[in-house]
Every structure is written in C-alpha cells, then in structure tokens.
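For reference, the structure discussed in these notes is given below.
Rule-based calculations on the coordinates, nothing more; no lab input. Computed from a predicted model, the values in this text were never measured in an experiment. With ideal geometry, Cβ positions are generated from the backbone for all residues, glycine too; neighbour counts draw on all protein chains shown.
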Amino acid sequence: MRQLADGVFMLSGFPPNAINVYLVGDVLVDAGTRQAERRIVRQIAGRTLRAHALTHAHPDHQGSSHAICERLSIPLWCGRDDIPAMERPGGVANPKAPGWLNALQGRFWTGPPHPVARALQEGEEVAGFTVLHTPGHSPGHVALWREADRVLILGDVLNNMNVMTGIPGLHEPPAIFTPDPARNRASARRLAALRPALTCFGHGAPLRDPDRLAEFVAGLAA
C-alpha cells in the first residue's frame, strides 16, 4: 500500500495500476473484482474501517464489496442511481456487452449483491472528500474531491491506461462499458476544470499534472 496524499493510500495489485482500490481515511473506496478480497484484507489488516464506498457498481469495482462488508461488518455506500445494480441479482450485467462477456465477468469478476446503507449524493462528505455526481460511465457514478489539497478520486470517468492493452496514457473508458459516453464527457470536463493536483483513477497510475488532464479533456468530442 502506497501513500499518495494525506490520508490517501493506493493498495497494491497485480498488474500494478490495473484495477485500483483506495483507502481514504477510514473508508475503503472500490473493491476490485471478486478475486481481490484476499489482497485487500491483507493490506488493510490492523486498520479500523468505518465504511466501504463505491465510485460505481461495475464488476471490477464491486467484485469484493459484499465479502469485505460482511467480513468487516461495515456499511456499503454508493451513488443513488447505482443502488439498483448493486442490490439486484444480476444488476451489474452490462446491457451493451455480448452475452459471452457478461458470462465471463459473472464467473470471475462480479460480486454478489449487497444492501446499500447510504446513497451518496452531490455535496455530501466522505472521509473529508466532497461527493461529486459524475454520471455517464454508470448512472450513479460518483467522484471524490478534496479541495484543500486538490486531490481527486475519479473512478472510471477517465482511465490512465488502455484497459485492453495495459499501455499507460489517458483514455476515455471503452464505449461498450459506458452507457452514455456524451454524459461521461461532460463529467470529465467538469472534473478537469477543478485542476486537480493529484488525480487517482480506477485504472492507471495516479497523475500529478492538471495541464495534461485539461488538454486531454479539451480534445474530447462534444
């Protein structure tokens, strides 16, 4: 586990930076795939957690959520419009994906449903961060923003790697996993305008270059 900023840690994984999980104060943010439980538990051992929050309810972020919440007896929080996906059996299946891909993710990545104790909404606070509603990649996608030191956890609004090849670099999330790409671009423009000093991605290494982020977003289609 690596400290990125005051109270913000990025858990290690393999391959590095591929599917990221963060510890923010006493809140675990995202939980990787269903295979990630053991590595998450190992790295947070000895820490007292208050809650587990999701940026969004996709299989590579909610995979170990049920297991972690049950094991640590902590509540699950996520964006209001992602609650149905998180609580309904089969709710995280991707309607845009071919059946074989959903079957593959269902077998290896997707975690069981879990009741959501708190619906995260715009302007609320999570471990010193402000919740921002950033829909597009999922209906209830949220980002976390700490203005004091300009730290942003943006989930999958953007990726800092090509998720198909693993090659580093800024990208939009693949359209097949993004129900509303135009709305997601609007969310990306909103976040880039914050000029984050540190941007933490669901996929890809952290970025400490607000100009690079702004330039990439400026080049996106309207």
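Worth a mention:
- GNM top mover of Leu132, Leu101, Leu54 - the chain, alpha-carbon springs below 10 Å: Leu101
- Sequence of Met10, Met1 once ranked by neighbouring C-beta atoms within 10 Å, starting from the fewest: Met1, Met10
- Taking other C-beta atoms within 10 angstrom as a stand-in for reagent exposure, Cys78, Cys69 fall in the order Cys69, Cys78, fewest first.
- For the stretch 2-218, the relative contact order is 17 percent, taking Cα pairs closer than 8 Å that sit 6 or more residues apart in sequence and dividing their mean separation by the residue count.
- Here the Gaussian network model covers the chain, with springs between Cα atoms less than 10 Å apart; of Gln43, Gln105, Gln35, Gln43 fluctuates the most.
- Each of Met164, Met86 was scored by other Cβ atoms within 10 Å of its Cβ. Listed from fewest to most, they are Met164, Met86.
- Shape analysis of the chain based on the Cα gyration tensor places the equivalent ellipsoid semi-axes at 23, 21, 17 Å, largest first.
- For the stretch 70-85, backbone phi angles converted through the Karplus equation (6.51, -1.76, 1.60; θ = phi - 60°) give residue-by-residue couplings of 5, 5, 9, 6, 10, x, 9, 10, 7, x, 3, 7, 9, 4, x, 5 Hz, Gly and Pro being listed as x.
- Highest-fluctuation residue, Leu28, Leu49, Leu191 considered, GNM on the chain with Cα pairs under 10 Å: Leu49
- Taking GluC sites (Glu not before Pro) in DSSP loop conformation with at most 12 other Cβ atoms inside 10 Å as exposed sites, the chain has its longest uninterrupted site-free stretch at 1-121.
- Calculated on alpha-carbon atoms, Rg and Dmax of the stretch 73-132 in Å: 13.9, 41
- Ranked by the mean number of other Cβ atoms within 10 Å of their residues, highest first, the peptides 196-202, 152-158 come out as 152-158, 196-202.
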